[in-house]
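The values are calculated or read from the model by the stated rules, or taken from the named source; none is laboratory data. Bear in mind that the values here come from a model prediction, so they are computed numbers and not experimental data. Please note: Cβ atoms are built from the backbone with ideal geometry, for glycine as well, and neighbour counts cover all protein chains shown. For the accessible areas, the whole protein counts, side chains as well, though only heavy atoms, and no ligand, DNA or RNA atoms are used. Shrake-Rupley method; radii C 1.70, N 1.55, O 1.52, S 1.80 Å.
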Amino acid sequence: MYLTWTLLTVTIVVVSRLVYRKGTDLLANIIPAVCRKYPDVDFIIGGDGPKRILLEEVREACQLDDRVTILGTVEHTKVRDVLVQGDIFLNTSLTEAFCIAIVEAASCGLQVVSTHVGGIREVLPAHLIRLAHPSVKSLMIELDSAIQDCRHGNYVSEDEAHRRVAKMYCWKDVAKRTETVYHTVAMETSKSFLERLNSYYLCGPISGKFFCHHCLDQLPSTCHHSVASACY
């Protein structure tokens with residue numbers, strides 16, 4: 001189900017630690033670019049960290065006090081209250097394993113725009129997230145698209161988005177899948193030392209030799225001759 005009304009103001013929400021790894025430097029460049037291009041787009045930023053001062057400096061230099069709200073630290077129990085004030089959730093992380101923040105944002109009905117790093121592609125289906133390279137240009141392209149969809153009501157409704165995310169991340173199913181992985185690993189037969197050494201060697205012409213050398217270094221010196229003999 002898609003919404004059909006047009007929004008007068010679009011709000012982009014960011015909830016993140018304000019540190020380099022989370023792409024705060026990218027965010028500092030995106031904010032003035034978006035505000036110049038779209039006079040009807042505002043930002044709400046939740047989170048704290050050493051890069052907060054950078055965002056405050058950008059806000060002051062670009063005279064965006066009335067369009068960029070920096071909340072500081074947000075208690076986890078209050079994150080939803082911040083998210084539901086927005087229309088688009090922006091994640092600018094440079095590295096990320098999972099990113100629970102984009103799941104929470106999608107569950108609250110926000111369009112999600114995120115850098116395509118780490119395991120983020122596997123977190124949400126394509127119809128609930130827009131992926132970009134970790135660059136201002138690429139993120140701006142995806143934000144442009146999300147802003148236009150907001151204006152034309154071309155996005156999944158909050159209730160439907162919540163239903164889809166809840167179905168994906170049922171804790172009972174997560175526990176069952178985790179248990180299956182553990183059982184699968186437990187049933188695998190252990191490789192011999194030489195088989196493992198061969199696997200390391202096949203990792204690449206340089207890295208393979210490095211891994212093998214490191215593996216052999218962990219053995220007692222008395223074992224080196226036996227391993228070398230077995231290899232030949």
- Residue that is nearest to ASP149 (Cα to Cα) [pool: residues in region 83-109 that are of a type in the set (A, V, I, L, M) and open to solvent by less than 10 Å² (accessible area, probe 1.4 Å)]: ILE88
- Query: Taking region 19-63, which residues are closer than 22 Å to ALA106 by Cβ and either touching a Pro at 6+ places or on another chain (Cβ under 6 Å) or outside any helix (DSSP H, G or I) (or both)?
  - Reply: GLY23, VAL41, ASP42, PHE43, ILE44, ILE45, GLY46, GLY47
- Message: Suppose we keep only residues that are of a type outside the set (S, T, N, Q) and open to solvent by 60 Å² or more (accessible area, probe 1.4 Å) within region 142-167. Which one would you say is farthest from the chain's Cα centre (by Cα)?
- Response: HIS152
- What's the number of the condition THR9 fails, among (1) β-branched (Val, Ile, Thr); (2) modelled with pLDDT under 95; (3) over 17 Å from ALA146 (Cβ atoms)? (3)
- Note on the structure: Restricting attention to region 121-133, the residues that are touching a helix residue (DSSP H, G or I) at 6+ places or on another chain (Cβ under 7 Å), more than 13 Å from GLU158 (Cα to Cα) and without any contact (Cβ under 8 Å) to a residue 40 or more places away in the chain number exactly 5
- Of the residues that sit in region 64-82 and are part of a helix (DSSP H, G or I) and over 26 Å from ILE141 (Cβ atoms), which one is least open to solvent (accessible area, probe 1.4 Å)? VAL79
- Query: What are the residue pairs meeting all of these: first residue in region 82-99, first residue modelled with pLDDT of 95 or more and among the aromatic types (Phe, Trp, Tyr), second residue surrounded by 15 or more Cβ atoms within 10 Å (Cβ to Cβ) and part of a loop (DSSP other than H, G, I, E, B), Cβ atoms under 6 Å, and 6 or more apart or on different chains?
  - Reply: PHE89/LEU110
- Item | Any chance ARG59 is touching a strand residue (DSSP E or B) at 6+ places or on another chain (Cβ under 6 Å) and open to solvent by 50 Å² or more (accessible area, probe 1.4 Å) | yes
- Item | Residue under evaluation ALA186, criteria (1) open to solvent by 60 Å² or more (accessible area, probe 1.4 Å); (2) modelled with pLDDT of 90 or more, criterion not met | (2)
